[in-house]
Amino acid sequence: MQMSAIARNGVKRERRPTVVHQAPLERDESGKPSAGQARSGQRSARLPRDERRAQLLAAAQEVFVANGYHGAAMDEIAETAHVSKPVLYQHFPSKRDLYLALLDSHLSKLTDLLLGALNSTTDNDERVQAVMRAYFRFIAHDDQAHRLVFESDLINDPDVSARLETFNKTFADAVAHVIAEDTKLPELEAQLLGRGLAGMAHVSARYWLETDGNLDLDVASDLIYRLAWRGISRFPKET
């Protein structure tokens, strides 16, 4: 015989409801449950603001590189980052804001690399070699940051072109300063040489990328360094 609510001693026992434990809902930065969590069940946990921003930028870069600026969608960026669209929009109000933030990050990194190489020694021969190598290594990096910087379909946007010109001027002016000190050339002539050296690094590094690894990076950057140095080193100094 089945015994249910009546125990063997005749005392009626109250049934207790079954408790089902559920994982806590992920909440976005406003404290609200993330939209779409019930659908996917795989949204990422709440992160500190800086970490979340870095995560979103990494996801955006992946989507921009794959689809271009105009082909990228905020839905896909949110999905790639495993966050809801409200979380994405809390950090970046628009796709354009997201792209500009990425561009600023990469240009800042490239500027630091090049200026660091330029200031890594007082030997001008070694300076030119270090700068060329730094430029080539940035282009070679497998995160394809160079495509966002130099190959974007937003390149004619005024804010984008202004940022690129600021980068080019900063780099060329730093090179020109070194050239002027070493050769005693007038400022405008030194700046022209600085622009020429920067352009040489940029064009040759991007062409090297098209060789698909058939030419070793160090060999390629050294070829361009030797070409640049043999030209610059011939300028006479004042005695």
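The values are calculated or read from the model by the stated rules, or taken from the named source; none is laboratory data. It should be emphasised that the depicted structure is a prediction, and the values quoted were computed from it without experimental measurement. Here the Cβ is made from the backbone with ideal geometry for all residues, glycine too, and neighbour counts use every protein chain on show. Just so you know, the surface numbers come from the protein's heavy atoms only, side chains and all, with ligands and any DNA or RNA stripped out. Shrake-Rupley method; radii C 1.70, N 1.55, O 1.52, S 1.80 Å.
I need the phi-derived Karplus couplings for the range 177-191: 6.51 cos²θ - 1.76 cosθ + 1.60, θ = phi - 60°, integer Hz, Gly and Pro marked x.
Per residue, the Karplus-derived 3J(HN,Hα) values read 4, 5, 4, 4, 5, 7, 9, 6, 6, x, 4, 5, 5, 5, 5 Hz.
May I ask which residue of 158, 56, 135 lies farthest towards the positive end of the charge dipole of the range 35-178, with charges of +1 (Lys, Arg) and -1 (Asp, Glu) on Cβ and the Cα centre as origin?
56
Stretched out fully, how many nm does the piece from residue 227 to residue 125 gain, at 0.36 nm a residue minus the Cα gap? Mind showing how you got there, number by number?
Working: separation 102, 0.36 × 102 = 36.72 nm, distance 1.14 nm.
So the chain would gain 35.6 nm between residue 227 and residue 125.
What does the C-alpha gyration tensor say about the overall shape of the range 161-207? Classify as rounded when a/c is under 1.5, otherwise prolate if a/b is larger than b/c, or oblate.
oblate
Can you work out the FRET efficiency for the pair residue 105 and residue 140, with r the C-beta to C-beta distance and R0 = 22 Å, to the nearest 0.05? Intermediate values should be presented prior to the final figure.
Details: r = 18 Å, r/R0 = 0.83.
For R0 = 22 Å, the calculated efficiency reads 0.75.
Considering only DSSP states other than H, G, I, E and B, which GluC sites (Glu not before Pro) in the range 172-239 qualify as loop sites with at most 15 other Cβ atoms within 10 Å? Each step should come with its number before you reach the end.
Numbers: sites: 181, 187, 189, 210, 238; in loops: 210, 238.
For GluC sites (Glu not before Pro) across the range 172-239 that sit outside H, G, I, E and B with at most 15 neighbouring Cβ atoms in 10 Å, the list reads 210, 238.
Let me know the shape class of the range 124-239, please: from the alpha-carbon gyration tensor, a ≥ b ≥ c as square roots of the eigenvalues, rounded when a/c is under 1.5, otherwise prolate if a/b is greater than b/c, or oblate.
oblate
Of the heavy-atom accessible surface of the range 45-94 (probe 1.4 angstrom), what whole percent is carbon and sulfur?
52
Using a 1.4 angstrom probe on the protein heavy atoms only, line up 122, 183, 170 by accessible area, largest first. Walk me through the numbers before you get to the answer.
Values: 122 125, 183 5, 170 55 Å².
Putting 122, 183, 170 in descending order of accessible area: 122, 170, 183.
Which whole-number value in Å² is the accessible area per residue of the range 83-239, probe 1.4 Å? List each step's numbers first, then the result.
Working: 8240 Å² over 157 residues.
Ligands and nucleic acids excluded, the figure is 53 Å² per residue.
Collect residues whose amide H, placed 1.01 Å from N in the peptide plane, falls under 5 Å from the amide H of residue 46; neighbours closer than 5 in sequence don't count.
27
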